[in-house]
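Before any comments, here is the structure.
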Amino acid sequence: MNARLRSVVVKAIGLALTYVVVLLLIQAGIIDDYLQVTMVTICVNIILAVSLNLITGFTGQFSLGHAGFMAVGAYTTALVTMRYPTIWGFLGGLLLGAVLAALIGLLIGLPTLRLNGDYLAIATLGMAEIIRVLFLNFDFTNGAAGLSGIPQFVDWTWLFVFTAGTVVLIANFLRSAPGRDLIAVREDEIAASSIGVSALRSKATAFAIGAFFGAIAGGVYASYFYFIKPDLFNFLKSINILIIVVLGGLGSLSGSIIAAILLAVVATALRNYPELQMAIYGLILVVIMIFRPQGLLGDRELSLNAFRRLVPRRRQEART
């Protein structure tokens, strides 16, 4: 068995064990309803952070519009499942919301992706606010009151499928030729263009894929919590997602996963002091920027090879 196949097998076994262990803990009542809410929040944030990292970390495009894509997915899934309250209605609404978000990302992204840095951030923030205000004023979205009584279809199985599936699909996309083009554009757009890489196409692809999975996160959120309103997808939501990405490390999927779990633990510890949550988040971000500006993992990924390299080093240090 070659190294690549062995790595795939080990990861598949690890994912299967994670699914089975958590499922058994839920059935045994060890993971109660409150812990399940925290677990859903972590998984939704992982999907959001990994998809935003594709845009910001791997392509180098500073986007503040991810909450808008999440809103599109949440409202589309909610409206479809309320009309067709079946599992197929849920899956259809989720897919429809993801496709709509990807199309919106392309339509808005193509003209704005010619911008860079702060200008792109302002443009994407404006896009997200336009989406939120539209949902705030449409009659079929029930305006500021939002939608309630959304059929709940998301359980641990679906949550695991969408979370693990998002990470695996994006990780494999980054290993493909189009994925390597994104990294080339991030490193040096002029040099990438000189070897035949279309910077605009690469940016648009990253924007569309990120929007697609951002909408998946919104659909999962709506289906589990069965209540949504426009204010849930405001500017602070985009900032929360960005904090997770920066904390974990721009260009590291593993870092986004670790940061999502870490910030969920912080939020759980501060649940009795909600007014301090954003202040603590801001303090964490400032500390990270001062002492480790590349984030927890930088642009590296956790892997079995990394642990193997650490073990001999520690053994050698112990001998000396």
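The values are calculated or read from the model by the stated rules, or taken from the named source; none is laboratory data. Since this is a predicted model, take the numbers as computed values, not measurements. Here Cβ is always computed from backbone atoms with ideal geometry, including for glycine, and neighbour counts include all displayed protein chains.
Within segment 129-142, track down each residue that is in contact (Cβ under 8 Å) with a residue 40 or more places away in the chain, within 17 Å of residue 68 (Cα to Cα) and not aliphatic (A, V, I, L, M). Quick ask: steps written out before the conclusion?
Filtering segment 129-142 down to residues in contact (Cβ under 8 Å) with a residue 40 or more places away in the chain leaves 129-133, 135-136, 140-141.
Remaining after also requiring within 17 Å of residue 68 (Cα to Cα): 129-133, 135-136, 141.
Residues satisfying the conditions are 129, 132, 135, 141.
Per-residue answers, yes or no, for (1) crowded, with 24+ Cβ neighbours inside 10 Å; (2) in contact with a helix residue (DSSP H, G or I) (Cβ under 6 Å, 6 or more places away or on another chain); (3) farther than 30 Å from residue 137 by Cβ; (4) at pLDDT below 90:
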{"position": "15", "(1), (2), (3), (4)": "no, yes, yes, yes"}
{"position": "25", "(1), (2), (3), (4)": "no, no, yes, no"}
{"position": "28", "(1), (2), (3), (4)": "no, no, yes, yes"}
{"position": "33", "(1), (2), (3), (4)": "no, no, yes, yes"}
{"position": "40", "(1), (2), (3), (4)": "no, yes, no, no"}
{"position": "47", "(1), (2), (3), (4)": "yes, yes, no, no"}
{"position": "50", "(1), (2), (3), (4)": "yes, yes, yes, no"}
{"position": "54", "(1), (2), (3), (4)": "yes, yes, yes, no"}
{"position": "60", "(1), (2), (3), (4)": "no, yes, yes, yes"}
Checklist line | Residue list for segment 1-57, restricted to those being among the acidic types (Asp, Glu) and either under 11 Å from the mean Cα position of the chain (by Cα) or over 27 Å from residue 214 (Cβ atoms) (or both) | finding: 32
Margin query: Checking the conditions here, which among 208, 171, 215, 191 is over 24 Å from residue 285 (Cα atoms), in contact (Cβ under 8 Å) with a residue 40 or more places away in the chain and surrounded by fewer than 17 Cβ atoms within 10 Å (Cβ to Cβ)?
Written below: 171
Next item on the list: Kindly state which helices (runs of 4 or more DSSP H) lie completely within segment 239-320 and contain at least 1 residues that are among the polar types (S, T, N, Q) and at pLDDT 85 or above.
Entry: 253-269
Note to self: Here is a check on your reading of the model: is residue 105 more than 27 Å from residue 196 (Cα to Cα) and small (Gly, Ala, Ser)?
What the structure shows: no
Check: When you go through 165, 149, 92 one by one, which is the residue that is more than 20 Å from the chain's Cα centre (by Cα), over 22 Å from residue 239 (Cβ atoms), surrounded by fewer than 20 Cβ atoms within 10 Å (Cβ to Cβ) and modelled with pLDDT of 90 or more?
Finding: 92
